[in-house]
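Participant: Can you keep this structure in mind? I'll have questions shortly.
The values are calculated or read from the model by the stated rules, or taken from the named source; none is laboratory data. Keep in mind that this is a model prediction, so the values were computed, not measured. Ideal geometry is used to build each Cβ from the backbone, glycine not excepted, and the neighbour counts take in all protein chains shown. Accessible surface is based on the protein model in full, side chains and every heavy atom, while ligands, DNA and RNA are left aside. Shrake-Rupley method; radii C 1.70, N 1.55, O 1.52, S 1.80 Å.
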Amino acid sequence: MATGLGDFLRRLRKGHEKDEGTTHREDQGSRRRRDQDISSTSLEPGPCKTLSVSEQCGRGSRRNYFERLPSEIILKICSFLDASSLFNISFVSKRFHDLANSNALWSVLYASEFEKKNWRPRGSMMIEAVSSTSVEEKPAGYWKKLLLKEMAGYKDTMWKTELRHMNPHTGMPALTEQVLRRLHIQWEITLTNTNGHESVYKQTHTFFEDSSVTVCWNHGGWPCLSSLNGLQLHGIMCPALPTPGDKPRWRSLIQNTSLRKSVHWTFLGADKFVKLLRFNKGIVVGVWRGNWKIAFIMINLHFHKLIERSLLGSRFCPYIPTEDTALDPDRGRHGYTLHIVLHNAVRRIMCHRFSPLYTSRMPFQEDYVRLIAIDLADVPEYKSVAKISVPWKAEGLQGEVERCCMMTLTILDEAQRPFWCVSSPVKMSNKLRVVDLEYEGEQYVILYEDMEGKVKMTFVWMEEHQQYFLVQLITAFPAAKVKRRFGGRS
């Protein structure tokens, strides 16, 4: 049995040696033929042989010298990249992902990035960033996440810090317009017809006041108002420089308004070309007379939390700010400030501030309290007002609708915090003559009302002066609003 096993092993070894010899001869023959092909190709005249793309890729994949480089050399090359490039190359391969997340690279970026920016990381984090021992102790990707988080947080904190500076005249952030322009915030409207089809329109004109902005849409293939189902207003942050292609941008929902026929709308006025209609939440829709096709759209936006509403909402859900509260019931009775502006999309009509104002119960309406800024009996308090109208432009035509405008109203409490903010189009209506007025002239009234409060303004048109005089200004709001704000009885 031992002899038979020895013979079997000897035969097996000879077979392996024969196979290895054959393979060796075949390899030598293949190598010799390849050398002949190369020499013939280089010596014989004629067109050069062009490799196909697949052959080139095949040879390149077999000769990927970059993958064969030591990790130390790749890290040295990556050390010359910025944060954005380093983030992008992490998606090339698994090895690049591991190397691009190296704490050695990102800790250096973390320590040097603040020198190019205006943000300052915490001192303890800077000490860790320059300490090699601390860098190695952190898990992979730690400094990458920290850098991206703090840089994003700085951008968010920067504009919030700028909004802390208040305008003492309006009570609104003094740098709102500058921040809106620096962040390149714009507004788009989306019209949805009865079939569910959506059309997006970009703003064409903005007019900034000290406490609001009026956004206009004058161009586009407008549909008929009767074919629409709803309107959505979104805030977007546009890139500072134009980029190729139409990349998707973050859209923050500000308003969602129904435009169905069953929804109540208010007729503001008309001229020989258009009619102005006011929908809920301060939306003005101009339609051509005769066919009810949209000519333009205007929306007035109050500065109160405007940047937050334009950035921090989602496409389908608006940003809901937290409501300020106080625990001093006495503050709900005195020390109010009223700031009111009448304007249109191109100019200011009137701007006044009244402070301090004191609340009182409304006659026959005990569930409301009022603030009287101008009383009919206070003749010295009467304010002159310029011409009240809304100019417009659309499709090469222009006009002006009289006796309507935009109203921006801000009421601040004793601590100068916003208590009631309104931005809405309003219209003037004829009023019966009040016999106890010192001035003689045709009288008009502006009435505004929503769930948060009411406004009443009385004007007298003085023909000899060719201007209006504001002779009465009263605002009222529910007593429950005061109780909810200040935590006591009003």
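Participant: Among the residues of region 282-298, is any modelled with pLDDT of 90 or more, open to solvent by 70 Å² or more (accessible area, probe 1.4 Å) and part of a loop (DSSP other than H, G, I, E, B)?
Facilitator: Checking region 282-298: at least one residue is modelled with pLDDT of 90 or more, open to solvent by 70 Å² or more (accessible area, probe 1.4 Å) and part of a loop (DSSP other than H, G, I, E, B).
Participant: A further question follows. May I ask you to say which residue of Val379, Val369 is open to solvent by 30 Å² or more (accessible area, probe 1.4 Å) and of a type in the set (Val, Ile, Thr)?
Facilitator: Result of the check over Val379, Val369: Val379.
Participant: Can you name the number of the only condition in (1) over 30 Å from Gln232 (Cβ atoms); (2) in a loop (DSSP other than H, G, I, E, B); (3) out of contact with any strand residue (DSSP E or B) (no Cβ under 8 Å at 6 or more places or on another chain) that Pro380 fails?
Facilitator: (2)
Participant: Restricting to region 451-490, count the residues that are part of a strand (DSSP E or B) and open to solvent by 60 Å² or more (accessible area, probe 1.4 Å).
Facilitator: Looking only at that region, the number is 1.
Participant: Shifting gears a bit: Take the residues in region 69-103 that are closer than 14 Å to Lys145 by Cα, open to solvent by less than 60 Å² (accessible area, probe 1.4 Å) and part of a helix (DSSP H, G or I); name whichever of them is modelled with the lowest pLDDT.
Facilitator: By that ranking, first place goes to Ala83.
Participant: Scan region 360-377 and report the pairs whose first residue is aromatic (Phe, Trp, Tyr) and whose second residue is surrounded by 12 or more Cβ atoms within 10 Å (Cβ to Cβ), with Cβ atoms within less than 8 Å and a gap of 6+ or a chain change.
Facilitator: Filtered contacts from region 360-377: Tyr368/Arg361; Tyr368/Met362; Tyr368/Lys454; Tyr368/Ala476; Tyr368/Phe477; Tyr368/Pro478; Tyr368/Ala479.
Participant: A further question on this structure: Do any strands (runs of 3 or more DSSP E) lying entirely in region 171-281 carry at least 1 residues that are among the small types (Gly, Ala, Ser), open to solvent by less than 20 Å² (accessible area, probe 1.4 Å) and farther than 26 Å from Pro321 by Cβ, and which ones are they?
Facilitator: Ranges flagged: 266-270.
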